[in-house]
Amino acid sequence: MRVISGTAKGRSLKAVPGTSTRPTTDKVKEAIFSMIGPYFEGGQVLDLFAGTGGLGIEALSRGMDKAVFIDIEKKSIDTIGHNLVTAGLKDQAEIYRTDATRALKALAKREQQFELVFLDPPYKMKFIAELISTMEEQSIVQLNATIVVEHDAKDVLEDTIGGFKQQRRSDYGDTAVTIYKGSAE
């Protein structure tokens with residue numbers, strides 16, 4: 001795994017030890033950023049269920065100003081910290097070890113808003129629509145935000161969740177990527 005493009009291009013990223021995390025492959029990561037970017041002019045990104053932090057780090061490398069990484073596993077938190085240092089992006093990041101529901105409450109309380117969100121929960125968890133609805137209700141996502149969901153290719157996600165409409169879905173073997181975009185109207 002590596003940073004594909006931007007200021008940290010070519011830097012190697014460490015995987016989370018063990019088999020509890022399924023890192024996004026470079027091929028899928030490259031496809032995601034060609035669909036949503038490929039580059040950004042600032043803004044904040046939320047990497048929920050961050051794992052290695054690879055998606056959020058790639059977004060920072062490609063121009064996002066700040067990233068918040070959330071994961072419940074200590075091994076993941078340690079890996080994200082290491083990868084941010086390796087990529088030279090530690091000063092642009094906050095890392096929290098907590099579950100997704102608690103994290104969203106804390107972010108709402110701090111009135112943080114994101115233009116870009118990565119949701120890559122364990123495939124057995126089937127609550128993407130609830131997470132997106134919660135983020136919208138609590139004003140954690142901007143009205144025109146982009147939400148990238150990585151999920152099991154067997155799962156078919158809703159066309160519309162609140163003010164977010166499915167823009168695209170692409171399959172990569174067992175993995176699917178579904179992109180939602182909010183409408184600023």
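The values are calculated or read from the model by the stated rules, or taken from the named source; none is laboratory data. Note that the structure is a prediction, hence the values are computed from the model and not measured. We place every Cβ from the backbone using ideal geometry, glycine too, and count neighbours over all the protein chains shown. Note: areas computed on protein heavy atoms with side chains; ligands, DNA, RNA excluded. Shrake-Rupley method; radii C 1.70, N 1.55, O 1.52, S 1.80 Å.
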Original post:
Among THR24, THR7, which is the only one that is open to solvent by 10 Å² or more (accessible area, probe 1.4 Å) and under 12 Å from the mean Cα position of the chain (by Cα)?
Top reply: THR24
Original post:
So which of THR79, THR86, THR52 is over 27 Å from ARG168 (Cβ atoms), open to solvent by less than 20 Å² (accessible area, probe 1.4 Å) and touching a residue at least 24 places away in the same chain (Cβ under 8 Å)?
Top reply: THR79
Subject >> Scope the range 159-185; condition assigned to a loop (DSSP other than H, G, I, E, B), surrounded by 15 or more Cβ atoms within 10 Å (Cβ to Cβ) and on the phi < 0 side of the Ramachandran plot; matching residues >> reply: GLY163
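Please tell me if GLY63 is touching a Lys or Arg at 6+ places or on another chain (Cβ under 9 Å) and surrounded by 14 or more Cβ atoms within 10 Å (Cβ to Cβ).
When the stated conditions are applied, GLY63 does not pass them.
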**OP:** Can you give me the number of residues within the range 164-185 that are over 19 Å from the mean Cα position of the chain (by Cα) and not polar (S, T, N, Q)?
**Re:** 3
